[in-house]
Amino acid sequence: MPPRISVQFPHKAFSGSSYVHSPLARLSLNPSKTSVRAGSAEARERRRHDPYLIAQSRQRKAANLSRQKALAEEREGSLGNPIYGQSTPFLEELKIKHPAAQETQLNHYIQPEELSKALEYSKNLTSPIENMNAATADPQQAKEAAEQHFEAHKNAQEAINRIVKMSNGNTGDQLRLRVQKCIEEFGRHNTDKTLPPKPASILHEPVQKTPRVGPDTGSPEVQVAILTAKILNLSRHLETSNKDRHNKRNLRLLVHKRQKLLQYLRRKERGGPRWKNLMETLGLSDASWKGEITI
């Protein structure tokens, strides 16, 4: 009997081709896929897991965000703040605590000249009667009476000044005084005498207007000035009251209402002298009427 030779067969079943044990030979038989279609799902999956592409995308995103921030700051700087404008002499006069305002603005519809005349009249009315008989007159007693009268009048004058002082009044009285100031400054019953008319239209002839009776309280520039006084009052309040959501909403409403009036006035006045006078006196910038206002 011939001797038996032990042969070790591979565990893999025969599929028509010889089994190759070398890894290099295996790569040569089954080459890897090197070209992938650009828009395929496999390409997207590769890009999603490629660390180099991920770092590039993050770098582009950071550059875009920094550029957007720089553009927003540049845009805000060119347009200005929609709430706070530049400080002007008229806005300084609207402040009740301003020294010039304390001298000229009094409460209860009282003028400084009327108050000084009334105090002088009361001083003369309450002065002690002089004794015309020199033989019975007592100079020391007359001097003491005059000093007492002077002290009493001084105390009464100080009390009256405190009562009519606008800084001691409530918010309603202060706002009423600001509204009167805006009417006198921007009312057309006064500005028509100083400002030239707006540029004439070519298509339409000038319309004959009815003479105005009384002060002007309804023109757009007067309403814009009144809204500006209210906006400044609310903004000063919100500087110390951050959680007052009700007044924050009121501030947004006032700002957007002023924006609509400014756009209407600019369209009607064609950027004329009335528009320029309003913007310069109130210190408003383009941010108060251009684009979308977010607060």
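The values are calculated or read from the model by the stated rules, or taken from the named source; none is laboratory data. Note that the coordinates shown come from a computational prediction; the quantities given were computed from them, not determined experimentally. Note that we place each Cβ from the backbone using ideal geometry, even for glycine, and neighbour counts take in every protein chain shown. Just so you know, the surface numbers come from the protein's heavy atoms only, side chains and all, with ligands and any DNA or RNA stripped out. Shrake-Rupley method; radii C 1.70, N 1.55, O 1.52, S 1.80 Å.
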FRET E, pair Leu115, Glu292, Förster distance 45 Å, beta-carbon r, rounded to 0.05: 0.40
Nonlocal amide H pairs with Gly169, under 5 Å, H built at 1.01 Å: none
Estimated inter-spin distance, Arg212 and Ala152, nm [label 7 Å along Cα→Cβ]: 4.9 nm
Carbon + sulfur, % of accessible area of the range 132-188 - ligands and nucleic acids excluded, 1.4 Å: 51 percent
Leu125, Leu253, Leu175, ranked by accessible area, largest first (probe 1.4 Å): Leu125, Leu253, Leu175
Part-to-part distance (alpha-carbon centres) for the range 117-180 and the range 217-295, which is given in Å: 44 Å
Principal semi-axes in Å for the range 173-295 [√(5λ), Cα gyration tensor, largest first]: 30, 18, 11
Leading residue at positive end of dipole, the range 186-295 (Cβ point charges), from Pro273, Thr217, Thr240: Thr240
Projected label distance in nm at Gln180 and Ile54, using a 7 Å step from Cα toward the beta-carbon: 7.2 nm
In Å², nearest 10: area of Tyr84 left accessible to a 1.4 Å probe: 100 Å²
Linear extension gain, Ala142 paired with Ala41, 0.36 nm per residue minus alpha-carbon span: 25.2 nm
Around Gln259: net Lys/Arg minus Asp/Glu count, Cβ-Cβ under 10 Å: +3
Spread of Cα-to-Cα distances over 5 Å intervals beginning at zero, given as percent, for the range 101-163: 3, 15, 22, 17, 14, 10, 8, 5, 4, 2, 0
